[in-house]
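One structure is given here, and the rest of the page talks about it.
The values are calculated or read from the model by the stated rules, or taken from the named source; none is laboratory data. It should be emphasised that the depicted structure is a prediction, and the values quoted were computed from it without experimental measurement. Positions of Cβ are generated from backbone atoms using ideal geometry, with glycine treated the same way; all protein chains shown enter the neighbour counts.
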Amino acid sequence: MTRDADCLFCKIAGGEIPADVVRENERTLAFRDISPQAPTHVLVVPRDHHRDVASLAAAEPDTLAELVRTAADVAADEGIDAYRLVFNTGEQAGQSVFHVHVHVLGGRAMTWPPG
C-alpha cells in the first residue's frame, strides 16, 4: 500500500487517527466528515495515497471506479436516493487534504451552482 506519512487521510485509513467509519473494503474507506455540509456528508478515500482524482484515474482507474461504487453504497446505506458526489482538485477548488476523496452529500436539496 502506498502511503504518505504526513497525510491525514493516510493516517485515518491506516487506523492511526480515529474516524466515524461507515463502510470499508480492501481498497476504500468511508467516514463521516467532521464538518458536515449536509445531513449526510461522508468522505470516501482510497487506502492508497494519490494526491487528486486525476492522479488516481491515471494510476488506478479500477480504484476510482471502486470509490464511486462505495459512494453509491454509502448513499444507499444512509437511505438517500438523491445525492451529490464532489471531487475537489487543487487548493482554489477547495481541496484542503491532498489525498483524493469524494464527498457524498445528501439528505437535503442541493442548489446549483455550488459556491
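Within the stretch 64-106, can you find the residues that are assigned to a loop (DSSP other than H, G, I, E, B) and either in contact (Cβ under 8 Å) with a residue 60 or more places away in the chain or among the hydroxyl-bearing types (S, T, Y) (or both)? Working first, answer last.
Within the stretch 64-106, the subset assigned to a loop (DSSP other than H, G, I, E, B) is 79-82, 87-90, 94-101.
Of everything in the stretch 64-106, those that are assigned to a loop (DSSP other than H, G, I, E, B) and either in contact (Cβ under 8 Å) with a residue 60 or more places away in the chain or among the hydroxyl-bearing types (S, T, Y) (or both) turn out to be T89, S96, V97, F98, H99, H101.
Any idea how many residues of the stretch 104-115 are under 12 Å from T40 (Cβ atoms) and surrounded by fewer than 19 Cβ atoms within 10 Å (Cβ to Cβ)?
Narrowing the stretch 104-115 to residues under 12 Å from T40 (Cβ atoms): 104-108, 110.
Next, only the ones that are surrounded by fewer than 19 Cβ atoms within 10 Å (Cβ to Cβ) stay: 107-108, 110.
Qualifying residue count for the region: 3.
For the stretch 87-103, how many residues meet the condition of being on the phi < 0 side of the Ramachandran plot and either surrounded by fewer than 17 Cβ atoms within 10 Å (Cβ to Cβ) or of a type in the set (F, W, Y) (or both)?
To start, the set of residues in the stretch 87-103 that are on the phi < 0 side of the Ramachandran plot comprises 87-89, 91-93, 95-103.
Next cut, either surrounded by fewer than 17 Cβ atoms within 10 Å (Cβ to Cβ) or of a type in the set (F, W, Y) (or both) only: 87, 89, 91-93, 96-98.
Count: 8.
Considering only the stretch 40-47, I want to know if a residue exists there that is without any contact (Cβ under 8 Å) to a residue 24 or more places away in the chain and closer than 20 Å to E91 by Cβ. Don't jump to the end; show me each part of the working.
Residues of the stretch 40-47 without any contact (Cβ under 8 Å) to a residue 24 or more places away in the chain: none.
No: the stretch 40-47 contains no residue that is without any contact (Cβ under 8 Å) to a residue 24 or more places away in the chain and closer than 20 Å to E91 by Cβ.
Got a number for residues in the stretch 67-86 being within 15 Å of the chain's Cα centre (by Cα), within 19 Å of P114 (Cβ to Cβ) and of a type in the set (A, V, I, L, M, F, W, C)?
Counting residues in the stretch 67-86 that are within 15 Å of the chain's Cα centre (by Cα), within 19 Å of P114 (Cβ to Cβ) and of a type in the set (A, V, I, L, M, F, W, C) gives 5.
Can you name the condition, by its number, that R32 falls short on among (1) within 22 Å of C7 (Cα to Cα); (2) in contact with an Asp or Glu (Cβ under 9 Å, 6 or more places away or on another chain); (3) buried (at least 17 other Cβ atoms within 10 Å of the Cβ)?
The failed condition is (3).
Having 2 or more residues that are of a type in the set (A, V, I, L, M), under 18 Å from H103 (Cβ atoms) and touching a Gly at 6+ places or on another chain (Cβ under 9 Å) is the bar; report the strands (runs of 3 or more DSSP E) wholly within the stretch 1-57 that clear it. Full working, then the answer.
Values: elements: 21-24, 28-32, 40-46.
Of the strands (runs of 3 or more DSSP E) lying wholly inside the stretch 1-57, none has at least 2 residues that are of a type in the set (A, V, I, L, M), under 18 Å from H103 (Cβ atoms) and touching a Gly at 6+ places or on another chain (Cβ under 9 Å).
Would you mind telling me which numbered condition in (1) buried (at least 17 other Cβ atoms within 10 Å of the Cβ); (2) of a type outside the set (A, V, I, L, M, F, W, C); (3) at pLDDT below 95 D73 fails?
Checking D73 against (1) buried (at least 17 other Cβ atoms within 10 Å of the Cβ); (2) of a type outside the set (A, V, I, L, M, F, W, C); (3) at pLDDT below 95, the one that fails is (3).
With respect to the numbered conditions (1) modelled with pLDDT under 95; (2) loosely packed, with under 13 Cβ neighbours inside 10 Å, which one is the sole condition not fulfilled by G79?
(1)
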